[in-house]
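Engineer: Right, I'll just put the structure down here and ask away after.
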Amino acid sequence: LPLIYVGGLISRVKMEEVLEAGFQGLQVARALVHDTDFVKKIHSGEIECSGCKHSNYCIGRMYTLEMKCHHCVENLPESLKAEIQDAEDRL
């Protein structure tokens, strides 16, 4: 049965590990929200890892606003920036 790995992959190394472990495909949605050219950049060797830090800001917007990474949103309140930074520091 073909399986697809779903789980926040953001680096070439981890994607290769998942595929070598036998998965037929993988999901990289979080990395694409951060940078829509992520797959192209990984493929070309321009980058090895996404800039996504898993703060979950994009997940909070998923059903109420346009899906965006906090890096792509202008005028975020300072209190929200601090909460995002705290979440990223805990990872």
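The values are calculated or read from the model by the stated rules, or taken from the named source; none is laboratory data. If you're wondering where the values come from, they're calculated on a predicted model, not measured in any experiment. All Cβ positions, glycine included, derive from the backbone under ideal geometry; neighbour counts span all protein chains shown. Areas reflect the complete protein model, heavy atoms only, side chains present, ligands, DNA and RNA absent. Shrake-Rupley method; radii C 1.70, N 1.55, O 1.52, S 1.80 Å.
Engineer: The chain: which GluC sites (Glu not before Pro) are DSSP loop and have at most 11 other beta-carbon atoms within 10 angstrom?
Structural biologist: Numbers: sites: 16, 17, 20, 46, 48, 66, 74, 78, 83, 88; in loops: 46, 48, 66, 74.
Here the GluC sites (Glu not before Pro) that fit, given the DSSP loop and packing criteria, are 46, 48, 66, 74.
Engineer: Moving on to the next point. Report the chymotrypsin sites (Phe, Trp or Tyr not before Pro) located in the range 1-76 that are in a DSSP loop and have at most 13 other Cβ atoms inside 10 Å of their Cβ, or state none.
Structural biologist: On the way: sites: 5, 23, 38, 57, 63; in loops: 23, 63.
Here the chymotrypsin sites (Phe, Trp or Tyr not before Pro) that fit, given the DSSP loop and packing criteria, are 63.
Engineer: So if I place +1 on the C-beta of Lys and Arg and -1 on the C-beta of Asp and Glu, and nothing else carries charge, what would the dipole magnitude of the chain be about its Cα centre? I want it in debye, nearest 20. Mind dumping the intermediate values first?
Structural biologist: Numbers: 10 positive and 14 negative charges, 40 e Å.
That gives the chain a dipole magnitude of about 200 debye.
Engineer: Still on this structure: Quick one: how many Å² of residue 89 are accessible to a 1.4 Å probe, rounded to 10?
Structural biologist: Counting only protein heavy atoms, residue 89 exposes about 100 Å² to solvent.
Engineer: Roughly how many Å² is the accessible area per residue of the chain, as a whole number, for a 1.4 Å probe?
Structural biologist: On the way: 6400 Å² over 91 residues.
Per-residue accessible area for the chain comes out at 70 Å².
Engineer: Please list log₁₀ I(q)/I(0) at q = 0.22, 0.25 Å⁻¹ for the chain, using the Debye equation with identical point scatterers on the alpha-carbon positions.
Structural biologist: Here the Debye-derived log intensity ratios amount to -1.13, -1.29.
Engineer: Once you keep just the Cα pairs under 8 angstrom separated by 6 or more residues, what percentage relative contact order results for the chain?
Structural biologist: Details: 91 pairs, mean separation 21.7, N = 91.
RCO, the chain: 24 percent.
Engineer: Given H placed on each backbone N at 1.01 Å, which residues far from residue 26 in sequence or on other chains put an amide H within less than 5 Å of it?
Structural biologist: Under 5 Å from the amide H of residue 26 lie the amide H atoms of 5, each far enough along the sequence or on another chain.
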